[in-house]
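**Q** Structure in structure tokens, see below.
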Amino acid sequence: MENDISRYRNIAALVVVLGAQFLLLAYQVKGRQDVPVVRLWASSAFAPVARGVSALRENTIGVVEHYAGLASAQNDNVRLRSELDRLKLENQFLKNELRTASNAQALAMFLPTSPQRLLAARIIGASTTPGSRVLFLDRGARDGVRERMAVITPDGIAGRIGAVRPGGAQLILVTDLNFAAGVITERSRVQGVLKGQGHASVLVEYVQNEDKVAVGEMLFTSGDDVDFPKGLPVGEVKISRRGRGLFKEIFVEPAGLARGLDSVLIVLQGVPQELPAPSTATPESVKEAPLAVAAPGAPLPIDADKILQKYERISEANRHRMGAGPAPSFTLTAPAAPPPAPPAGAKP
Amino acid sequence: MTEFAGPLIGSSHRPRAWRFRSLLWIPIAIGSILFQVYTPQFISYLSFLEAPLLVTVHYALTRREPVHGLLAGCAIGLAQDAFSHNPIGLFGIAKTLAGYLAGNLSQRVNVDNFVIRFLAGFTFFFFHQFLYWALASALLAQKLAMDPVQTLVMSVLNALVAVPLFSALDKL
């Protein structure tokens, strides 16, 4: 009896433990319900330690980094003072300061200029899941943070708030597999759905193959979803090509993640903004598009335009001014192209 | 009850040093999860390291008990799941199986050998990654990328870290 128990004890324990976890998974997936107790426990245990480590790092390595940066700025200052006049020196110094400003400083500059009601948050950890792009923020429900709030940087959208705990919250980045948001293109005002792919670039779905979306074109939030107010920068189109089915394949580089993330801004109360006027630069894909027969910036000819051009040629052949007098005979065809000129020196 | 009470409650008769080492595993496990969550934020090239898995495998190998291995794997995996936004259980299942198999392996071969430890680190990492990918794809319909070459390289790197890490953990 004892031998039987010891023989099957291991495999029985494995079956029980695995079965319990499969049931837990099924409960969450089927009922679309979370197990907040486990997450709350883990988050509560983790957040104080993470905050402590973060503070320790900022007060040690951070101080050294700042000191090194300050020393470098002073050297630059001395060198420039000998080379440039006072005005140029001041200008250069400000440019250097701006270039070397940390993300937190950039956020501090951006905060008062934005019409949104924003809350600055610091990143204190990352998710453990491969392929997922989830970070942990040091702001939570106590600070007024709620689920699905938009998270941005001065350069563009960074993601959306996931689970919220009293002292922290999850940030689901735009590159995460579970991220989606409505977007609109800058020039052609084509709307689509931005979806994370688990890597650096994100995909825009549901843009029809017939729609024109150019490489280099900026995307903005469309405001269709309730999370992101309209008009926030999303990123630049890097690839735009015909898809296999009805929709194009458009890949975008998220602008909000371009400079890395140390700190972010949570949009507590979003204000829709007007989209900027389309830029006049000719995008690359317009140059290479096979159907782009019209002048840059002009609308492409459709069938009705071609018919209109045909009738204009017929009217010109009949010496008829369109819209005046009786209708001409439209059964006439347009005059044939003139024969090529004979070569020079040829006899008639 | 008396027939199998011995193996079940035997731990209460363990020496004090043994119990202290058992308790030491709790901060080690928590530390490995914190390492996984926190370190890649600042040292991104360390993100290849699956510290919770290595701790699970080492625990299972040194205990030489599949049940201990699977319970440790389950606990560490579930805690790791809590820091992801996926449903809880994916890491739990993957690490439970890894811990169980490591415990079984330890009963059959001499796991103090460096080569065996390297091979164990390599195999269990690859198995863990594949299992996670398979579970996420099959149960959650997630489109996770699984690059075999990259996973093999990461397996080698984890195995290289596993050998000195296991030696260090042996000394605790």
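**Q** Leaving ligands, DNA and RNA out of it, report the carbon-plus-sulfur percent of the accessible area of the stretch B:14-170 at a 1.4 Å probe.
**A** 70 percent
**Q** Could you work out how far the C-alpha centroid of the stretch B:107-129 sits from that of the stretch A:152-205, in angstrom?
**A** Here the answer is 40 Å between Cα centres.
**Q** For the interface of B with A, what's the total buried accessible surface in square angstrom, probe 1.4 angstrom, rounded to the nearest hundred?
**A** Approximately 3800 Å² gets buried when B meets A.
**Q** Okay, moving on. Just which residues of the stretch A:160-178 lose 30 Å² or more accessible area with every protein chain there, against their chain alone, with the probe set to 1.4 Å?
**A** Going by heavy-atom accessible area, the residues of the stretch A:160-178 that drop by at least 30 Å² are A:170, A:177, A:178.
**Q** Using a Förster radius of 25 Å, what is the FRET efficiency between residue A:209 and residue B:143 based on their Cβ-Cβ separation? Nearest 0.05, please.
**A** 0.65
**Q** In angstroms, what radius of gyration and Dmax does the stretch A:147-200 have, counting Cα atoms only?
**A** According to the Cα coordinates of the stretch A:147-200, Rg and Dmax are 12.6, 43 Å.
**Q** Oh, and also: In the P(r) worked out for the stretch A:116-272, what percent of Cα pairs fall beyond 27 Å?
**A** Summing the P(r) tail past 27 Å for the stretch A:116-272 gives 20 percent.
**Q** Mind pulling up the Rg/Rh value for chain B? Radius of gyration and Kirkwood radius, both on Cα.
**A** Over the Cα atoms of chain B, Rg/Rh equals 0.98.
**Q** Listed here are the pairs A:30/B:95; A:30/A:212; A:30/B:143; A:212/A:310; A:30/A:248; which of them are more than 28 Å apart at the Cα?
**A** A:30/A:212; A:30/A:248
**Q** Keeping every protein chain present and rolling a 1.4 Å probe, give me the accessible area per residue for chain B in Å².
**A** That works out to 47 Å² for each residue.
**Q** Sticking with this structure for a sec: Along the charge dipole of the stretch B:14-170, pointing to its positive end and built from +1/-1 on Cβ of Lys, Arg, Asp and Glu, which listed residue (B:75, B:122, B:33) has its Cα farthest out?
**A** B:75
The values are calculated or read from the model by the stated rules, or taken from the named source; none is laboratory data. Here the structure is a predicted model, which is why all the values come from computation and not from measurement. Glycine gets a Cβ as well: all are built from the backbone with ideal geometry, and neighbour counts include every protein chain shown. These accessible areas exclude ligands, DNA and RNA; they are computed on the full protein's heavy atoms, side chains included. Shrake-Rupley method; radii C 1.70, N 1.55, O 1.52, S 1.80 Å.
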